[in-house]
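Structure first, then comments.
The values are calculated or read from the model by the stated rules, or taken from the named source; none is laboratory data. Not measured: the values here are computed from a predicted model. Quick reminder, even Gly has a Cβ in these numbers, built from the backbone with ideal geometry, and neighbours come from all protein chains shown.
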Amino acid sequence: MFQFRPLRLFSAAVLAAVSASPAFAQADFSGHWAPLFHEDHPERLPGPELGDYLGIPLSEAGRLRADSYDADRISVVPEYECRPHAGDYMMRGLSNMRVDAIRDPVTSRLTAFHLRMGFQEMERTIYLDGRPRPSANAPHTWSGFSVGTWQDNVLNAYTTHLKENYIRRNGIPASDKRTFTEHWVRHGNYLTIETVITDPAILTEPLVRSQTWVLDPTQQMGRDICETVPEVPKAADYVPHHLPGTNPFLREVADWYGLPAEATRGGADTMYPEYRKKMGKPANPPPAICVRYCNCGLNGGGCNVQ
Amino acid sequence: MGRAMHKAFPASLAAAAVVVAAVSSRAQQPPPMLETLRVQNNVYAIFGAGGNVTVQVGTDGVLVVDTGLASSAGALLAEIRKLSTGPIRFIVNTHAHPDHVGGNAAFSGLPPDPRGVTPDRAANAAAAIADPLQPLNIIAHENVLNRMVKALPPLQPGQTGGSERLRGMPIDEYFAPTKDMHFNGEAIVLYHEPRAHTDGDTVVLFRGSDVVSAGDIFTPDAYPFIDLAAGGSVAGEIAALNHILQLAVPGHTEEGGTYIVAGHGRLCDEADVVEFRDMIVIVRDRVQDMINRKATLDQIKGARLTRDYDPEYVTPTSFVKADQFVEAIYNDLRRAGLSGPPTR
C-alpha cells in the first residue's frame, strides 16, 4: 500500500532539481563573436612572411616541408583554391564566428556547441554528450571531431580526425596525424580560446596559441561561397614546389626585419624567451622605422608593403 | 600490397594459389578483427581483412571489390553477411596481390544459395571444394588473370588442370580501357589504370553512390608500392591518381562528396588524394633532379629525399619503407626513357 512520505518526496524533488542543472556555472558561449587581432596581427591578417618559422617547434620534417612550399600551389592546383582552414586554424584566421548552443529538446541539457565561421562557411561541432569518437578508419574532415568537457566554467575540447592543412599560411604544414586541445574561457563579453596543437609528424613539442574574440550581437554573417576555377594551364603531373635547398625566399624575413637567419628557421628553442639571449646577431640591422604591415586593415588592406 | 607481407610478387601469387591449404591451416587461428563502415547509399567498406574491401548490396545481390587475404575469407564473409544474405554475384579484383585476391577461392566455392552459407562453411576448405561450379563472376583486367595464372605452381605428374585449378581466378577478365556494369540499380564503371601500382589496376566507380574504390593506387598513410616487376610505374601511378581526382567531386567546403575507398587505410575523399598525389610528384621531382645531376642510387638514398614525408607515411610495420619508395622511383625514372609514359 502506498504511503505518502513528505520527507522522501522532498528529497526526490531536491535530487531532481540538482541533477537537472549543471553542478557549476557553465559558461554560455552562444552568440556572434568578432575576432580581435591584437595578438599576432601580421601573421593572422596580411599573412606570415615566407620562411618565417619563428616560434614554431618545427621538426626537421616540418621544416623541409615548409621550405618546399611554393605559394603558386594554391592557384595552380585547382583542388587547393577553395580549401578552407582546418578546425585548429579556423579559430585563428580572419573569420567571424557564430556559436549556437545545441540542447536536447526534452531535457534542455546542453549537448553541443555548433560553430559557423564566416570564412568559407566552415562549420564545426563540439560535442558535449559523451559520444564515442569515430574509428581510425573513419574519414578525416577539415573541422575534425571535437568532444568537450567542462572544468568549472572552462570548456576543454579535444579534436581528432583532422585533414592535412597548415599551421601557418606560409607553407608550414599540419599533418592529418595531429590533434588539438582547446580551452574556452569567457570573461564577460570577451572570449579567449587557447589552442594546443600536437603534431607528431611536423612538431617536436606542442604549439600553444591563443585568440580573443568580442561579443558582437549586431554581427551579420553572409554567404562566402568559393568556386573552383582552373586559373593556370599546367601539366597534369605538375605540382609547384621548391627542390631542397633552392627556395630563394627563405632569407627575406630575416633581411627585412633584421633578424638572425637562424632564428627564422624555427624549432622548439625559438618558442621560449631565453632564446633571445643565444639567437645571435642579425646580418642586417633592424629597420629604423616600420616598413612592412605597419597600418593594415582587414584582409591586408592599407598595408604599406614595399 | 600488404604492409605485413614482405614477399616478392610471384611468390605471393603462388601463396595465393594454395589458398585452400591456407584456409584450412588458419582454422585454429583467431579471426581477424574487421570493421564495416557505410560509405554512401548501399556501398560499404570493410577494413582489416588485408586490403580494404568495398561491398555493394541490393536486391540483385552482392558485389565485392577485392577479397582480402585468404586467411580472412571466413571473417570477411561473415561481415558481408551482416549487410546482406543475398547471393554474391560479382567480385572485382583491383589487382593481383594476395591481400586483395586472397579470398577469391573461398568465395568462389560458396554454394549459390546463400541460405546454406555460414562463416564456418566458407572457411572450410572441404565445403569449398564440394562445389565445383563457380557461382559468381570474378572480374579483373586481363593482366591480373595473366599474372595469377603465371604464378600457379606447375602441374605435377598425373595432375590435371581444369576448373579446380582455376578456382578463384578472375576468368571474367576485360582488356578494354573501361568496362561498364549495372547492378543493384546503379551504374558501375571499371577503369583500367595502365602501369600504375601494377599493370592490371582497376579503379571502380559506383556512379550512383558516388564512391570510388581505388585499390592500392591510393594508400593515404603509406608510400605507394610501385610494383615495377608487375608492370607498375611512377608516371602511371600519378596518372591514375589524377584520374581518381577527375572522378571525384568534393561537396561543400571541399570535403565529402565523392568518397574514396583506399587500398589500405581510412576512408577518404578528394582532398586526401590530392595530398597523396602531390607527395609522389614532389618526391619524383627530387629524385629526377638528382638523377639529372648524375647522382647514384646510393647518393640519392643518402640524401633522404623523403625525410619530410616519412613521419606521415612510414611506420615500423610499413610494407614500403622510404628507401624502397625512392629506389622504385629511381629505377622507374632510369628506364622511363626507354619505355615512355603509360597510355590509357
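General remarks:
- Only residues that are buried (at least 19 other Cβ atoms within 10 Å of the Cβ) and within 9 Å of chain A (Cβ to nearest Cβ) were counted in region B:254-274, giving 13.
- Any hit, region B:224-238, residues being under 22 Å from B:N184 (Cα atoms) and within 13 Å of chain A (Cβ to nearest Cβ): no
- All positions within region B:224-250 that are in a loop (DSSP other than H, G, I, E, B), out of contact with any Lys or Arg (no Cβ under 8 Å at 6 or more places or on another chain) and either in contact (Cβ under 8 Å) with a residue 40 or more places away in the chain or closer than 17 Å to A:E164 by Cα (or both): B:P224, B:F225, B:I226, B:D227, B:P250
- Taking region A:61-98 as the range and being farther than 22 Å from A:D40 by Cβ, charged (D, E, K, R) and away from chain B (no Cβ under 12 Å) as the test, the residues that pass are A:D72, A:R98.
- Boolean, B:T296 is surrounded by fewer than 19 Cβ atoms within 10 Å (Cβ to Cβ), without any contact (Cβ under 8 Å) to a residue 60 or more places away in the chain and away from chain A (no Cβ under 13 Å): yes
- Set A:T111, A:T149, A:T159: member being over 29 Å from A:G222 (Cβ atoms) and away from chain B (no Cβ under 13 Å): A:T149
- Any hit, region B:232-246, residues being under 23 Å from B:H100 (Cβ atoms) and in contact with a Leu (Cβ under 8 Å, 6 or more places away or on another chain): yes
- Every pair of residues 6+ apart whose Cβ atoms lie under 6 Å, when the first sits in region B:148-160 and is touching a residue at least 12 places away in the same chain (Cβ under 8 Å) while the second is aromatic (F, W, Y): none
- Filtered by the rule that a residue be within 14 Å of chain B (Cβ to nearest Cβ) and within 19 Å of A:W184 (Cβ to Cβ), region A:114-124 gives A:L115, A:R116, A:M117, A:G118, A:M122, A:E123, A:R124.
- Consider region A:36-70 and keep the residues that are touching a Leu at 6+ places or on another chain (Cβ under 7 Å) and over 20 Å from A:A268 (Cα atoms). The one that is surrounded by the fewest Cβ atoms within 10 Å (Cβ to Cβ) is A:F37.
- Any hit, region A:171-178, residues being surrounded by fewer than 20 Cβ atoms within 10 Å (Cβ to Cβ) and touching a Phe, Trp or Tyr at 6+ places or on another chain (Cβ under 7 Å): no
The rows are residues; the columns are (1) away from chain B (no Cβ under 14 Å); (2) in contact with a strand residue (DSSP E or B) (Cβ under 9 Å, 6 or more places away or on another chain); (3) farther than 19 Å from A:G266 by Cα.
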| site | (1), (2), (3) |
| --- | --- |
| A:R209 | yes, yes, no |
| A:V232 | yes, no, yes |
| A:A236 | no, no, yes |
| A:G245 | no, no, no |
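- Residues of region B:251-284 satisfying the condition of being of a type outside the set (V, I, T) and within 17 Å of A:G144 (Cβ to Cβ): B:G251, B:H252, B:E254, B:E255, B:G256, B:R266, B:L267, B:C268, B:D269, B:A271, B:D272, B:E275
- Exclusive hit being within 14 Å of another protein chain (Cβ to nearest Cβ), surrounded by fewer than 17 Cβ atoms within 10 Å (Cβ to Cβ), at pLDDT below 95 and within 21 Å of A:H85 (Cα to Cα), set A:T228, A:T198: A:T228
- Residue match in region A:253-268 (condition: within 14 Å of another protein chain (Cβ to nearest Cβ), assigned to a loop (DSSP other than H, G, I, E, B) and more than 26 Å from the chain's Cα centre (by Cα)): no
- In this structure, B:Q40 qualifies as polar (S, T, N, Q) and either closer than 17 Å to B:R266 by Cβ or modelled with pLDDT of 95 or more (or both).
- The single residue among B:R286, B:R266 that is closer than 30 Å to A:G87 by Cβ and modelled with pLDDT of 95 or more turns out to be B:R266.
- Looking across region B:290-338 at every residue that is part of a loop (DSSP other than H, G, I, E, B) and aliphatic (A, V, I, L, M), the one that is farthest from A:G245 (Cα to Cα) is identified as B:V320.
- Residue within region B:270-289 that is at positive phi and not small (G, A, S) present: no
- Tabulated pairs, region B:67-94, first of a type in the set (D, E, K, R), second part of a loop (DSSP other than H, G, I, E, B) and crowded, with 19+ Cβ neighbours inside 10 Å, C-beta under 8 angstrom, 6+ apart or interchain: B:E79/B:A49; B:R81/B:V117; B:R89/B:L136
- Residue satisfying condition, being surrounded by 20 or more Cβ atoms within 10 Å (Cβ to Cβ) and within 21 Å of A:E79 (Cβ to Cβ), within set B:V204, B:V234: B:V234
- Selection status of A:S135, small (G, A, S) and either part of a loop (DSSP other than H, G, I, E, B) or within 14 Å of chain B (Cβ to nearest Cβ) (or both): yes
- Selection from region B:277-306 of residues that are out of contact with any Leu (no Cβ under 6 Å at 6 or more places or on another chain) and among the basic types (K, R): B:R284, B:R293, B:K294, B:K301, B:R304
- The single condition from (1) modelled with pLDDT of 95 or more; (2) closer than 26 Å to B:A271 by Cβ that A:N189 fails is (2).
- Qualifying residue in region A:202-224 (condition: of a type in the set (V, I, T), surrounded by 15 or more Cβ atoms within 10 Å (Cβ to Cβ) and more than 21 Å from the chain's Cα centre (by Cα)): no
- Meets criteria (exposed (fewer than 15 other Cβ atoms within 10 Å of the Cβ) and at pLDDT 90 or above) for B:A176: yes
- Filter pass, A:P248 being surrounded by fewer than 16 Cβ atoms within 10 Å (Cβ to Cβ), assigned to a loop (DSSP other than H, G, I, E, B) and at pLDDT 95 or above: yes
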